[in-house]
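Engineer: Take this structure first; my questions come after.
Just so it is clear, none of the values below were taken in a lab; they were calculated from the coordinates. If you're wondering where the values come from, they're calculated on a predicted model, not measured in any experiment. Quick reminder, even Gly has a Cβ in these numbers, built from the backbone with ideal geometry, and neighbours come from all protein chains shown.
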Amino acid sequence: MKFMLIMRAVDQAAVDAFEAADFEKIIADMGAYNESMVNAGVMADGAGLSDASEGAVVDFSEDDPVVTDGPYGELRELFNGFWMVEVSSQEEAIEWAKRAPLGTGSQIEVRRVNGPEDFPQDNEWIQKEQEWITEGKLAGS
Amino acid sequence: MDHRRETGRQLTSAPADDTDAVHRAIAATWRIEAAKIIAALTRYVGDFGLAEDLAQEAVTDALSQWPKSGVPANPAAWLTTVAKRRAIDSWRRRERLDARLAKLAGELESRQDADVGGLPWDPDDIEDDVLRLVFIACHPVLGRGAQLALTLRVVGGLSSEQIARAFLIPVSTVQQRIVRAKRALADAQVPFELPAADEQPERLKGVLGVLYLMFAEGHVTTSGPDWMRPELAMEALRLTRVTAGLLPHDPEVHGLVALMAFTAARFPARLGADGEPILLADQDRSKWDRSLIRLGSRSLGTAQGLRTALGPYTLQAMIAWCHAEARSIEATDWVRIASLYDMLNRAVPSPVTQLNQAIAIAEAHGPARALSLVDDIDSTGALGKFHLVSSVRGELLSRLGRDQEARGEFERAASLTTNGREREVLLAKIRRIESRPAESTDKADRGRR
């Protein structure tokens with residue numbers, strides 16, 4: 001079963017702590033955490049996101065999408081990274097999430113990732129998606 | 001440890017949902033940490049069997065205490081510390097607390113609080129210790145069944161119940177196997193060390209054999225409560241990837257990862273709506289798991305990049321890759337598959353490999369050439385009364401239009417097979433021959449294997 005561990009900062013404290021922290025140490029802690037998942041044969045993917053203030057939000061509330069610069073909502077780092085893990089149960093995904101080197105104000109949301117088995121196999125779009133992966137048509141694959 | 005039993009009794013009054021949730025959390029923790037905890041304990045007490053006992057007792061303590069106390073912040077440290085305390089308690093009872101152990105006990109007591117914060121083992125040593133554990137669990141003094149059970153238990157972190165479900169055997173059988181295995185290792189005085197350099201290739205071959213068998217056990221059988229079976233195969237794949245991480249310079253361990261990944265990629269297409277097996281030729285290839293195929297391709301690349309003579313797992317992975325990347329059975333590179341089977345048979349001579357080679361040759365170069373190879377295999381007598389020989393020969397004869405001979409082979413195969421579904425397939429082929437006009441030619445029947 002594949003799960004996505006979604007890293008969020010839900011409190012300004014987490015953002016402040018991150019800024020005050022030693023960057024080398026953050027890299028070392030995250031590196032050690034990632035390595036432990038690689039060594040256990042469970043880590044499938046992962047990435048961190050750059051500062052949300054550099055980003056933009058596209059809002060579909062109006063007829064034409066409205067674009068605003070900067071973060072989503074008040075917090076700058078609401079969603080700041082993710083891991084994909086391949087494990088045998090939700091509990092195991094949660095156990096891995098608990099080991100992440102994060103502090104006060106941070107949360108990890110644990111969500112199962114849908115696989116092809118969650119969709120009707122005879123749907124032509126589901127079949128096409130499989131082909132895109134097979135034929136290396138996805139960017140970066 | 002009377003106070004612990006007290007706690008255990010009180011636990012029954014805890015809300016069942018919470019208790020279940022904590023038990024699932026313990027099982028998940030154990031899967032993640034078992035190998036490291038047991039490896040660290042083996043280093044600490046100097047005895048693998050004792051370390052495994054202590055670890056299991058610590059888990060029992062957790063099962064009774066955590067539902068009340070909550071899951072500790074550092075579960076691995078908690079389990080390790082409890083197991084070490086139990087070790088010291090038992091030494092005290094047996095008055096075997098010599099100077100060395102007294103020192104360890106002193107360290108443990110002074111470090112109680114420190115343990116809770118950090119890792120309960122030395123991060124620089126733990127990888128090697130886990131590798132030692134893999135080699136112990138797959139030690140040649142043990143039988144295959146014991147190696148499988150012990151590897152799943154100490155390296156995979158599965159409970160006896162989970163192992164029993166995976167192999168469709170009683171829990172008591174698993175427990176007996178593990179007890180006997182630990183005794184056999186103690187009797188043989190197997191040290192907690194990596195094999196000497198000159199033994200390593202042979203011992204590694206043994207480890208890969210155990211992992212391969214674990215995987216095969218998970219995917220060959222199609223009967224029984226089969227949901228647990230693919231789980232077993234996937235666990236074998238995970239453990240092989242862990243082993244590949246520990247021995248990154250060995251090409252065959254990467255080859256085995258690739259072989260497992262390509263095979264597992266076909267799982268979603270292997271069973272029909274009624275649970276009947278679907279043969280490779282008839283599988284809906286759009287159901288194959290593409291992310292596993294990618295994993296397989298990468299591991300195969302690593303194996304081939306290590307540039308030694310191609311070993312049997314890497315060769316089988318290369319064959320599986322040919323199937324994985326083909327859009328259909330007709331688009332498959334059978335010429336290459338036939339030559340890979342030839343290389344595999346030279347590396348590890350086997351009449352079953354030759355039979356597979358014959359099937360590939362039939363696709364690549366036509367049934368006549370394949371038939372002469374099957375005749376050669378059969379004349380050696382190596383396969384005895386193996387139904388697949390008759391089944392394959394029947395298939396080839398049928399394609400050559402030699403229906404009456406084909407029918408005889410199918411009948412022979414049907415009488416030899418012990419598998420009901422396989423017999424059905426063979427009887428259907430006989431019926432098709434019977435209903436066919438006499439002048440039929442080799443293209444009439446495209447059914448396979």
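Engineer: Among all helices in chain A defined by DSSP H, which have a length of 27 Å or more along the axis from Cα atoms plus a Kyte-Doolittle mean of at least 0.5?
Structural biologist: Numbers: long enough: none.
Both cut-offs are met by no helix.
Engineer: Please compute the average number of Cβ atoms from other chains found within 10 Å of each residue's Cβ in peptide A:117-124. List each step's numbers first, then the result.
Structural biologist: Values: counts 3, 0, 0, 0, 5, 2, 0, 1.
Partner Cβ neighbours, averaged per residue: 1.
Engineer: Right, something else. Please compute the Cα-Cα pair-distance distribution of region B:136-266 with 5 Å bins starting at 0, giving whole percents from short to long.
Structural biologist: Here the calculated profile for region B:136-266 is 2, 11, 21, 23, 20, 14, 7, 2, 0.
Engineer: Averaged across orientations, what area in nm² does the convex hull of the alpha carbons in the protein assembly as shown project? Don't skip to the answer; put the middle values down first.
Structural biologist: Values: hull surface 138.4 nm².
Over every viewing direction, the Cα hull of the protein assembly as shown projects on average to 34.6 nm².
Engineer: Moving to a separate point now. For a 29 Å ceiling on Cα separation, which of these pairs sit above it: B:LYS36/B:LYS182; A:LYS2/A:LYS137; A:LYS2/B:LYS287; B:LYS84/B:LYS182; A:LYS2/B:LYS182? Could you put the intermediate results ahead of the total?
Structural biologist: On the way: B:LYS36/B:LYS182 18 Å; A:LYS2/A:LYS137 22 Å; A:LYS2/B:LYS287 17 Å; B:LYS84/B:LYS182 19 Å; A:LYS2/B:LYS182 35 Å.
A:LYS2/B:LYS182, as the Cα separations exceed 29 Å there.
Engineer: Between helix B:387-399 and chain B, what is the angle of the helix's C-alpha long axis to the longest principal axis, kept within 0 to 90° and rounded to the nearest 10?
Structural biologist: 30
Engineer: Let me ask another. Take the Cα atoms of region B:47-93, build their convex hull, and give its volume per residue in Å³. If you can, show how the numbers build up before the last one.
Structural biologist: On the way: hull volume 3.3 nm³, N = 47.
So the per-residue hull volume is 70 Å³.
Engineer: Quick one: compute the contact order of chain B, relative version, from alpha carbon pairs under 8 angstrom and 6+ residues apart, as a percent. Kindly include the intermediate steps, with their values, before the conclusion.
Structural biologist: Numbers: 547 pairs, mean separation 38.5, N = 449.
Relative CO of chain B lands at 9 percent.
Engineer: Now a separate question. Summarise the partner chain shielding of B:288-296 as one whole number: the mean count of Cβ atoms from other chains within 10 Å of each residue's Cβ. Before the final figure, lay out the partial values.
Structural biologist: Numbers: counts 3, 5, 9, 8, 1, 2, 4, 2, 0.
Other-chain Cβ atoms within 10 Å of each residue's Cβ, averaged: 4.
Engineer: Which aspartates and glutamates does B:LYS429 reach when only Cα atoms under 18 Å apart count, and residues fewer than 8 places away in its own chain are ignored?
Structural biologist: B:LYS429 reaches B:GLU276, B:ASP282, B:GLU395, B:ASP403, B:GLU405, B:GLU409, B:GLU411, B:GLU439, B:ASP442, B:ASP445.
Engineer: OK, next. Can you sort B:LYS385, B:LYS205, B:LYS36 from fewest to most other Cβ atoms within 10 Å of each residue's own Cβ? Could the numbers behind the result be given before it?
Structural biologist: Working: B:LYS385 11, B:LYS205 14, B:LYS36 24.
Least crowded to most crowded, the residues run B:LYS385, B:LYS205, B:LYS36.
Engineer: Expressed in whole Å with the largest first, what are the equivalent ellipsoid semi-axes of region B:191-299 derived from the C-alpha gyration tensor as the square root of 5 times each eigenvalue? Please report the intermediate quantities before stating the final value.
Structural biologist: Values: eigenvalues 178, 48, 20 Å².
Whole-Å semi-axes of the equivalent ellipsoid: 30, 16, 10.
Engineer: Now, a different point. Could you derive backbone 3J(HN,Hα) for region B:341-358 from the dihedral phi with the Karplus parameters 6.51, -1.76 and 1.60 (θ = phi - 60°), listing whole Hz in sequence and x where the residue is Gly or Pro?
Structural biologist: 5, 5, 5, 4, 5, 6, 5, 9, x, 7, x, 5, 4, 4, 5, 5, 4, 4
Engineer: Follow-up. What ranking do B:ASP403, A:ASP45, B:ASP342 get, fewest neighbouring Cβ atoms within 10 angstrom at the top?
Structural biologist: On the way: B:ASP403 21, A:ASP45 12, B:ASP342 16.
Starting with the residue having the fewest Cβ neighbours, the order is A:ASP45, B:ASP342, B:ASP403.
Engineer: Turning to a different aspect of this structure: Students often forget the sequence filter, so: which aspartates and glutamates lie under 13 Å Cα-Cα from B:LYS205 once same-chain residues fewer than 8 apart are removed?
Structural biologist: B:LYS205 reaches B:ASP250, B:GLU252.
Engineer: Please arrange B:GLU193, B:GLU33, B:GLU231 by counting, for each residue, the other beta carbons lying within 10 Å of its beta carbon, fewest first.
Structural biologist: Listing B:GLU193, B:GLU33, B:GLU231 from fewest to most nearby Cβ atoms yields B:GLU193, B:GLU231, B:GLU33.
Engineer: With angles folded into 0 to 90 degrees, how steeply does helix B:126-137 sit against the dominant principal axis of chain B? Use alpha carbons for both and round to 10.
Structural biologist: Computed tilt is about 60 degrees.
Engineer: Kirkwood Rh over Cα pairs of chain B into Stokes-Einstein at 20 °C, 1.002 mPa s: D in µm²/s? Show your work: numbers first, answer last.
Structural biologist: Values: Rh = 25.0 Å.
The estimated diffusion coefficient comes to 86 µm²/s.
Engineer: Let me ask you something else. Let me know the Rg and Dmax you get for region A:1-139 when you use only its Cα atoms, in Å.
Structural biologist: 17.8, 52
Engineer: So for chain A, averaging the separation of alpha carbon pairs under 8 Å that are six or more residues apart and normalising by length, what relative contact order in percent results?
Structural biologist: Working: 187 pairs, mean separation 56.8, N = 141.
Normalised by residue count, the contact order of chain A is 40 percent.
Engineer: Can you work out the Karplus-derived ³J(HN,Hα) for every residue in region B:331-336? Use 6.51 cos²θ - 1.76 cosθ + 1.60 with θ = phi - 60°, whole Hz, and x for glycine or proline.
Structural biologist: My calculation for region B:331-336 gives 7, 6, 7, 5, 4, 5 Hz in order.
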